[in-house]
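Peer 1: Below you'll find the structure I mean.
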Amino acid sequence: MSDDQLKNNNLKQENIQIKRKTVGLAVGGGFIRSTAAIGAIEVLQENNIPIDLVSGCSSGAAVASAYAAGTLRQFKERLIRGPRREYWRIIFEPTVPKEGLLKGERNRRFFEEFVGDKNFSDLQKKLLILTTDLISMKEVVVDSGRVGRAIQAATSVPGVFVPVKDGSRILVDGGNFNIIPSKILYQKGVDYVIAIHTAQLPNLITRFLSNFKHLHKRDQIIEQKKIKNLDLNILQIVLRAVKISSGQIKNFYYSNFPYDALIIPDITGIKRWHIGRVNYLVNQGRKAAEAMLPKIKSDLGL
């Protein structure tokens, strides 16, 4: 064998050994605004962007779960074509206001239309759902058990929906800790993170409070408030959630989270309750992802 042939064989072996970057997708919350992530994900799929691990928080957990389950198209069609009155019926499920104003059981059953009774291990893609434990006052990453129940926990706004009890934990919306759930992806070993940000910016009061340094002493605040009692009433639930938020104000800004590519759909003026704007939101998500595609492809060598 000639020297040139040996060199060519060596190059081929080197190319075989070179592995592509592992890619994570972080889907943020924002209630109905998070459906813009559906359009962004569609563009990534159409352009064969490989996704190895998906994370979701708050309402973004529902979008991330549908994607991981392979039912994103059905989820989109259901949201676009379903009667608005039905969505309010799903959300508005009053209960005795001991732990929350609304049960949240219909919410879970709605999500189970797309994830069924699947466990995390049954999904097409690896999925992480981020929640908050009101007992330890810490973030909790859910990656096992029933997916529908995990989504219910991730979308349980404290005081509004009854929280989900899981052993010694009381789980609610994880948006306080992770408005963009990207850190966990790096912690799990992902090389490259694509983040989708759809949450509203903090209001003026929140921005004003963020200037007070003592509100950023999260660990001190949380340490003082740990309890072991699982029987929290609605007032205690709200107060603990507010306490967490006051120590996490900086986490309401996407600039405080790590990522390699950030997709921010232009959804100015869309409020969390604008259920009838899903089609518009999806289209805006597509536009934002298309604008970011050249960078993503270049970074990944595609």
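The values are calculated or read from the model by the stated rules, or taken from the named source; none is laboratory data. Keep in mind that this is a model prediction, so the values were computed, not measured. No Cβ is skipped: glycine too gets one built from the backbone with ideal geometry, and neighbour counts run over all protein chains shown. Keep in mind that these areas ignore ligands, DNA and RNA; they rest on the heavy atoms of the full protein, side chains included. Shrake-Rupley method; radii C 1.70, N 1.55, O 1.52, S 1.80 Å.
Peer 1: Is it the case that some residue within the range 145-156 is within 27 Å of ILE49 (Cβ to Cβ) and surrounded by fewer than 17 Cβ atoms within 10 Å (Cβ to Cβ)?
Peer 2: no
Peer 1: Could you go through the range 220-235 and let me know if any residue there is more than 30 Å from ARG78 (Cβ to Cβ), at pLDDT below 60 and open to solvent by less than 50 Å² (accessible area, probe 1.4 Å).
Peer 2: Checking the range 220-235: at least one residue is more than 30 Å from ARG78 (Cβ to Cβ), at pLDDT below 60 and open to solvent by less than 50 Å² (accessible area, probe 1.4 Å).
Peer 1: Let me ask you something else. Within the range 47-101, which residues are among the aliphatic types (A, V, I, L, M), open to solvent by less than 30 Å² (accessible area, probe 1.4 Å) and part of a loop (DSSP other than H, G, I, E, B)?
Peer 2: ILE49, ILE51
Peer 1: Something else about it: Quick check on LEU6: is it part of a helix (DSSP H, G or I) and modelled with pLDDT under 50?
Peer 2: It is true that LEU6 is part of a helix (DSSP H, G or I) and modelled with pLDDT under 50.
Peer 1: Which of the residues belonging to the range 27-43 are in a helix (DSSP H, G or I) and either without any contact (Cβ under 8 Å) to a residue 24 or more places away in the chain or surrounded by 24 or more Cβ atoms within 10 Å (Cβ to Cβ) (or both)?
Peer 2: ARG33, SER34, THR35, ALA36, ALA37, ILE38, GLY39, ALA40, ILE41 - these are the residues of the range 27-43 that are in a helix (DSSP H, G or I) and either without any contact (Cβ under 8 Å) to a residue 24 or more places away in the chain or surrounded by 24 or more Cβ atoms within 10 Å (Cβ to Cβ) (or both).
Peer 1: Continuing with the same structure: Checking the condition at pLDDT below 90 and within 19 Å of the chain's Cα centre (by Cα), which residue from GLY145, GLY104 passes?
Peer 2: GLY104
Peer 1: With the condition kept exactly as written, say whether any residue in the range 80-95 is closer than 30 Å to ALA291 by Cβ and either without any contact (Cβ under 8 Å) to a residue 40 or more places away in the chain or under 18 Å from the mean Cα position of the chain (by Cα) (or both).
Peer 2: yes
Peer 1: A further question on this structure: Out of the residues in the range 162-190 that are surrounded by fewer than 24 Cβ atoms within 10 Å (Cβ to Cβ) and among the small types (Gly, Ala, Ser), which is farthest from PRO97 (Cα to Cα)?
Peer 2: Filtering the range 162-190 for residues that are surrounded by fewer than 24 Cβ atoms within 10 Å (Cβ to Cβ) and among the small types (Gly, Ala, Ser), the one farthest from PRO97 (Cα to Cα) comes out as GLY189.
Peer 1: Let me ask something else. Can you name the condition, by its number, that ARG277 falls short on among (1) open to solvent by 90 Å² or more (accessible area, probe 1.4 Å); (2) modelled with pLDDT of 95 or more?
Peer 2: The single condition ARG277 does not satisfy is (2).
Peer 1: A further question follows. May I ask you to say which residue of GLY39, GLY70 is out of contact with any strand residue (DSSP E or B) (no Cβ under 9 Å at 6 or more places or on another chain), closer than 21 Å to LEU302 by Cβ, assigned by the TED database to the domain that holds PRO181 and among the small types (Gly, Ala, Ser)?
Peer 2: GLY39
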